[in-house]
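The values are calculated or read from the model by the stated rules, or taken from the named source; none is laboratory data. Predicted model, so just to flag it, every value in this text is computed and none were measured. FYI the Cβ positions are ideal-geometry reconstructions off the backbone, even for glycines, and counts take in every protein chain you see.
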Amino acid sequence: MKIEGARILVPGATGAIGSGLAERLHQRGAHIAIAGRDGAALAWLAGVLGEVPARLFDAYDLNACADTVTWANETLNGLDAVVVCVGVAGFGPVETVGDAVAEHLVTVNALAPMAFLRAALPLVPRGGAVAAVTGIVVDATPAGMADYTASKAALAFWLSSVRREQRRKGVNVLDLRLDHVESGFAQRAVVGNPPAMPRGQSVQEAVDKVMEALEGAALNGASHGSEKP
């Protein structure tokens, strides 16, 4: 998959990383479709990018996630890649988080990305890619972030298994395990306050790593995935 001319769906395009990625892909000549839950931000981004196709969705509606992939495939006349940048943070000791919040974290951080990529797998051709952002928490397993970490780890292990399934078909399955990003994401947590953390990478640095992963998948051949960008 070469970035220029590739047909790429970016769910979560109204977030900091998703919008930065959409802009970079557009600059590099990709044909993109964007999706997000913030209608005003989505309309603004679509306009900035030359009125690219845009669609609203709610990550809690898994059918809407899958339908968004179908829509993008029809709108772009095919799909070469889907890069999911959907996510929500949550902090606090497990006894303070509660089951409802834990369910929300798992749905948004794991089940929604899975729904997007599950719908994309029959459509993406050999040499294409499906990808999702997980995070360094999968490896670090920090205290005070158990439910958030568990949701991201569920997605990471799912991607690892799917990568093995897709080797014969030749679709790259990418786990974008980014370091902490200074995007304001942690400050928008659904519960709790983020712990003190060292300064992270910038959004543009994170986008650089995602682009490297996508381009590396293309260079390394369709049978190889990537655990980290």
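Within the range 15-56, track down each residue that is of a type in the set (Val, Ile, Thr) and within 20 Å of residue 73 (Cα to Cα).
Correct list: 32, 34, 52.
Name every residue in the range 166-190 that is buried (at least 19 other Cβ atoms within 10 Å of the Cβ), at pLDDT 80 or above and outside any strand (DSSP E or B), in order of residue number.
166, 171, 177, 178, listed by residue number.
State all residues of the range 8-57 that are of a type in the set (Phe, Trp, Tyr) and touching a helix residue (DSSP H, G or I) at 6+ places or on another chain (Cβ under 7 Å); if no residue qualifies, say none.
57
Output the qualifying pairs, or none if there are none: Cβ atoms under 6 angstrom, residues six or more apart or on different chains, first residue in the range 121-134 and on the phi > 0 side of the Ramachandran plot, second residue in a loop (DSSP other than H, G, I, E, B) and not hydroxyl-bearing (Ser, Thr, Tyr).
127/1; 127/222
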